[in-house]
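Novice: This is the structure I have questions about; it appears just below.
Readers should treat all values here as calculations from the given coordinates under stated rules, not as data from a laboratory. Fair warning: this is a prediction, and the values are worked out from it, not measured in the lab. For neighbour counting, all protein chains shown are included, and Cβ atoms are generated from backbone atoms with ideal geometry for every residue, glycine included.
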Amino acid sequence: MSSSGLAPEPSSAAPLVADFTETLLSGDDSAPGAFVRSLLKQGVAPGTLLEDVFTQAARELGQRWVTDDCSFYEVTIAAGHIQRLVRAISPLFLANGAMHGSMGRMLLTCAPGEQHSLGTMVIAEYFIRDGWDVHLMTIYGADILLDMVRKADYHCLGVSVSCDQHVAGLRKDIRRARQVSRNPDIKVLVGGQLFMMESNTTDLLGADGFATDATSAVAEARRLRGMSRVIG
């Protein structure tokens, strides 16, 4: 099976990510919102905030938790701030989007056992803006997944995977989802931090393609459906 996921370009938002991360950990509940409003007034695009700042800050927080530089409580509170900010700037990001549902129906979820849904929330915004009718599963459940693809005609199933310990179980679920899907030609797109290091995992999962960020995920989903890009 071939995969043509697109590799991300180096981010120029590193200073913003560092400042935003410290703001999230400051203990001031009003500081993250004020920080983002200031960036928007300076002309920083909502898409830059979503993919280059929010997502990267979340990864940085996760890394700090692994190295015991942040407590689980601090990371949880910070993640809550990011999720609220994603919802707050969503109308700005979606303002120039394509017609809702014009690209098809997409089911997005995290891999089994993964606790954080921020990445899929951000990716969902990009797909909605691109014209997809997106259904987001914030908590993974194999039975729920199979029931959803059995009852609704999804054109694409997107799964975010951050570590290889979930590969075996997810491969089984993807195979079963294809077997019971109401759409016999459903396409499976996988992505997440794992694919920045091991793109060959796509074949191990039995997926049709992979992506390493939200922008490439939209492009790859269009490729899988054989459709060209119509909006920026």
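Novice: Which length gain, in nm to one decimal place, applies between D28 and A142 when the Cα-Cα distance is subtracted from 0.36 nm times their residue separation?
Specialist: 37.2 nm
Novice: If you don't mind, there's one more thing I want to ask. Quick one: Cα centre-to-centre distance for the range 147-202 and the range 32-110, in angstrom?
Specialist: 23
Novice: What order, most packed first, do the peptides 73-80, 205-212, 23-30 have when packing is the mean number of other Cβ atoms within 10 Å of each residue? Mind showing how you got there, number by number?
Specialist: Values: 73-80: 16.1, 205-212: 24.0, 23-30: 14.6.
My ranking of the peptides, most packed first, is 205-212, 73-80, 23-30.
Novice: According to the square roots a ≥ b ≥ c of the eigenvalues of the Cα gyration tensor, what is the shape class of the range 14-94, taking rounded for a/c under 1.5, prolate for a/b larger than b/c otherwise, and oblate for the remainder?
Specialist: Verdict is prolate for the range 14-94.
Novice: Let me ask something else about it. For the range 22-31, what does the Karplus curve 6.51 cos²θ - 1.76 cosθ + 1.60, with θ = phi - 60°, yield as ³J(HN,Hα) per residue in whole Hz, taken in order and with x for Gly and Pro?
Specialist: For the range 22-31, the Karplus-derived couplings read 5, 5, 4, 9, 6, x, 9, 5, 8, 5 Hz, x marking Gly and Pro.
Novice: In a GNM of the chain with a 10 Å cut-off on Cα contacts, which of T67, T55, T109 has the highest mean-square fluctuation?
Specialist: Most flexible of the set in this elastic network: T67.
Novice: I would also like to ask the following. If each residue of separation counts as 0.36 nm, what is the full-extension length gain between Y73 and C163 once their alpha-carbon separation is subtracted?
Specialist: Gain on extension, Y73 to C163, equals 30.2 nm.
Novice: Then there is this: Counting Lys and Arg as +1 and Asp and Glu as -1, what is the net charge of the other residues whose Cβ lies under 12 Å from the Cβ of L24?
Specialist: Here the count lands on -4.
Novice: Please pull out the direction-averaged projected area of the chain, using the convex hull of its alpha-carbon atoms, in nm² to one decimal place.
Specialist: Over all viewing directions, the chain projects a mean Cα-hull area of 12.3 nm².
Novice: Also, I was wondering about something else. Let me make sure I get this right: for the range 104-225, a, b and c are the square roots of the gyration tensor eigenvalues over alpha carbons, sorted descending. Under 1.5 in a/c it's rounded, otherwise prolate if a/b > b/c, else oblate. Which is it?
Specialist: In terms of gyration-tensor shape, rounded.
Novice: Something else now. Please name which of G209, L170, L194 has its Cα lying farthest along the dipole of the range 159-214 towards the positive end, using unit charges on Cβ (Lys, Arg +1; Asp, Glu -1) and the Cα centre as origin.
Specialist: L170
Novice: With +1 on each Lys and Arg Cβ and -1 on each Asp and Glu Cβ, and nothing else charged, work out how big the dipole of the chain is about its Cα centre, in Debye to the nearest 20. Before the final figure, lay out the partial values.
Specialist: Values: 21 positive and 26 negative charges, 210 e Å.
My answer is approximately 1000 debye.
Novice: Now for a separate question. In terms of Cα to Cα distance under 15 Å, which aspartates and glutamates are near enough to K151, apart from those fewer than 8 places away along the same chain?
Specialist: Within reach: D143, D185.
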